[in-house]
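The values are calculated or read from the model by the stated rules, or taken from the named source; none is laboratory data. Note that this is a predicted model, so its numbers are computed, not measured. Note that we place each Cβ from the backbone using ideal geometry, even for glycine, and neighbour counts take in every protein chain shown. When the accessible area is computed, the model is the full protein with side chains, heavy atoms only, and any ligands, DNA or RNA have been set aside. Shrake-Rupley method; radii C 1.70, N 1.55, O 1.52, S 1.80 Å.
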Amino acid sequence: QVQLVESGGGLVQAGGSLRLSCAASGRTFSNYAMGWFRQAPGKEREFVAAVTRSGGGTALADSVKGRFTISRDNAKNTVYLQMNSLKPEDTAVYYCAASATAWGRGAENYRYWGQGTQVTVSS
């Protein structure tokens, strides 16, 4: 079992920045690929970013490329999502997730999920 707790969400003006953190516990963190997903009201959950177990590989959704960065610190059991140049359309609940198998964009690959943190971007 892996427990995931997100933090760092909040209200920010368009053009601003936030850094989300996801702290993991329960199993060896470096055994899991990690991902960030988001869900806006009335919309389906969508992929945002993913990182491999070592942190050497990353993937980003086209909508956030050039603005968001995913990273991880295996010594701290934490994955981060740095979000810059935020837009109102980035408003959503952001979830981190862990996968012991494949990594990447598919939510079906991720077995463990956090409770989510709200990000609201005002125009």
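Within segment 8-23, at least one residue is in contact with a helix residue (DSSP H, G or I) (Cβ under 9 Å, 6 or more places away or on another chain) and not in a strand (DSSP E or B). The number of residues in segment 79-116 that are buried (at least 21 other Cβ atoms within 10 Å of the Cβ) and either farther than 20 Å from residue 55 by Cβ or of a type in the set (Val, Ile, Thr) (or both) comes to 4.
The C-beta contact set for segment 1-25 (first residue free of Cβ contacts under 8 Å to residues at least 12 places away in the same chain, second residue of a type in the set (Lys, Arg) and open to solvent by less than 50 Å² (accessible area, probe 1.4 Å), distance under 8 angstrom, 6+ apart or interchain) is empty. Could you grab me the full set of residues in segment 21-39 that are in contact with a Ser or Thr (Cβ under 6 Å, 6 or more places away or on another chain) and either loosely packed, with under 15 Cβ neighbours inside 10 Å or under 24 Å from residue 121 (Cα atoms) (or both)? Answer for segment 21-39, where residues must be in contact with a Ser or Thr (Cβ under 6 Å, 6 or more places away or on another chain) and either loosely packed, with under 15 Cβ neighbours inside 10 Å or under 24 Å from residue 121 (Cα atoms) (or both): 21, 23.
Per-residue answers, yes or no, for (1) aliphatic (A, V, I, L, M); (2) farther than 20 Å from residue 120 by Cα:
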{"residue": "4", "(1), (2)": "yes, yes"}
{"residue": "11", "(1), (2)": "yes, no"}
{"residue": "15", "(1), (2)": "no, no"}
{"residue": "46", "(1), (2)": "no, no"}
{"residue": "49", "(1), (2)": "yes, no"}
{"residue": "53", "(1), (2)": "no, yes"}
{"residue": "79", "(1), (2)": "yes, yes"}
{"residue": "102", "(1), (2)": "yes, yes"}
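Taking the stated definitions as given, is residue 35 modelled with pLDDT of 95 or more and within 23 Å of residue 108 (Cβ to Cβ)? The answer is yes for residue 35.
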